[in-house]
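Each remark here refers to the structure printed beneath this line.
Here, each number is a calculation from the coordinates, and none is a lab measurement. It should be emphasised that the depicted structure is a prediction, and the values quoted were computed from it without experimental measurement. Using ideal geometry, Cβ is built from the backbone for each residue, glycine included, and neighbour counts are taken over all protein chains shown.
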Amino acid sequence: MSERKMILVTGGAGFLGSHLCDRLIAAGHDVLCVDNFYTGAKRNVEHLMGHSRFELMRHDVTFPLYVEVDEIYNLACPASPIHYQHDPVQTTKTSVHGAINMLGLAKRLKARIFQASTSEVYGDPAVHPQPESYWGHVNPIGPRSCYDEGKRCAETLFFDYYRQHALDIKVARIFNTYGPRMHPDDGRVVSNFIVQALKGQPVTIYGDGSQTRSFCYVDDLIDGFVRLMATPKGVTGPINLGNPGEFSMLELARHVIEMTGSKSKLTFKPLPQDDPKQRRPDITRAVAELDWRPKVQLNVGLRKTIDYFDELLSLPTAKVA
Ligand code: NAD
Ligand code: UDP
């Protein structure tokens, strides 16, 4: 095992955060999970409660936090379009004030700090696939801007703390990731399609379904987080983490319907404003600098995710909420 550390995970009760907490606990570290439960749930970390090296704290990262830790993973931020557009001002505050607060904490502690950035910094990309050198094509005043610009500003802050205060930063640009513990109602495409197919409801395709995304299974992504965090000081990123396999939403819907054995039919709804038409990571840098590449094929990851939702939907409603 690597040296035992006290590690702060903000947004630790969310989808990705809870998997990261699992990974860090399994590696022998102490984990302080901080979350305001805006989109996350205690259920996601229930199995860690009572573990001697795990602590859960209710806290909103838009307010300063005074704790003593060795490393910080900053994941706090709603990630699904429905959730981040529900209270857009709070979304920008979470990204920007949250970053300032966590960077201030890292500066005082001289702690290494990781930022969960996003492929959304590329907006509706005109360059395909997207390398880290691409500056993006982002609408600054649209419904997605609270998230996209909030995350871009957070990256700016990370790099200014790096240049101005020599902070040890690690910035990952995460592409669409899926797996168990996604929120069943968060409106993201993988959870929507699976839940709809399992319930025999129409599967909602926005637009004509030709838009593409690349889907990374959560275990692969968390492996990338840990590898990036283990790089020497000065390896800052930004670094794309995602699976380069690219699928249209129509292809994804057909896969899910087939794998669930569902009788659901497709239904077409309007395409949301500024919905990116295509997205695929160029992972050359992750391969070279982290020796990282995703291993889990879409059908394997989807099987695990379908099984998770199948079990979740069989629980009494109170447990799912
Ligand atoms: P999630 O919504 O499941 O998790 C986010 C967590 O942050 C939740 O537990 C939520 O309660 C918490 N949170 C929100 N605002 C907070 C605040 N002000 N203070 C404290 N906690 C707060 O989403 P996720 O998919 O796990 O995403 C985690 C991070 O990864 C986010 O920063 C997101 O932008 C980034 N990301 C995720 C994806 C993806 O595909 N899952 C892609 C790109 C980037
Ligand atoms: N989408 C869809 N049906 C749904 C949910 C989403 O067709 O029920 C589409 C959405 O318009 C987008 C893609 O799936 O083109 C991915 O959406 P998601 O919200 O998962 O993530 P995004 O990458 O847009 O942030």
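Of His29, His51, His19, the residue with the greatest mean-square motion in the GNM of the chain, using alpha carbon springs below 10 Å, is His51.
The simple spin-label model puts a point 7 Å past each Cα toward its Cβ; for Lys107 and Lys93 those points are separated by 2.2 nm.
The GNM of the chain, with springs linking C-alpha atoms under 10 angstrom apart, assigns the highest mean-square fluctuation among Ile72, Ile25, Ile174 to Ile25.
Loop-located GluC sites (Glu not before Pro) in the range 1-64 (DSSP state not H, G, I, E or B) with no more than 14 neighbouring Cβ atoms inside 10 Å: Glu3.
Taken along the Cα-to-beta-carbon direction at a fixed 7 Å, the label points for Asp275 and Asp291 span 4.1 nm.
Averaging over all projection directions, the Cα-based convex hull of the range 23-169 occupies 9.8 nm² in the image plane. Working from Cα pairs under 8 Å separated by at least six residues, relative contact order for the range 28-173 is 24 percent.
Projected onto its three principal axes, the C-alpha set of the range 8-64 covers 29, 22, 18 Å, listed from the longest axis down. From the alpha carbon centroid of the range 90-119 to that of the range 278-308 is 25 Å. Measuring how big the range 209-321 is from its alpha-carbon positions, Rg and Dmax come out at 17.3, 53 Å.
Among the DSSP helices (H) of the chain, those spanning at least 24 angstrom by Cα along their long axis with an average Kyte-Doolittle hydropathy of -0.5 or more are 88-109; this is a geometric and hydropathy rule only. Computed over the Cα atoms of the chain, the ratio of the radius of gyration to the Kirkwood radius (Rg/Rh) comes to 0.95. In terms of the mean number of neighbouring beta-carbon atoms within 10 Å, the peptides 145-153, 257-265 order highest first as 145-153, 257-265.
If you stretched the chain out fully between Leu313 and Lys263, how much longer would it get, using 0.36 nm times the residue separation minus the C-alpha to C-alpha distance?
Values: separation 50, 0.36 × 50 = 18.00 nm, distance 1.73 nm.
Value of the extension gain: 16.3 nm.
Straight-line reach from Lys151: taking Cα to Cα under 19 Å and skipping same-chain neighbours fewer than 8 places apart, the lysines in range are Lys93, Lys170.
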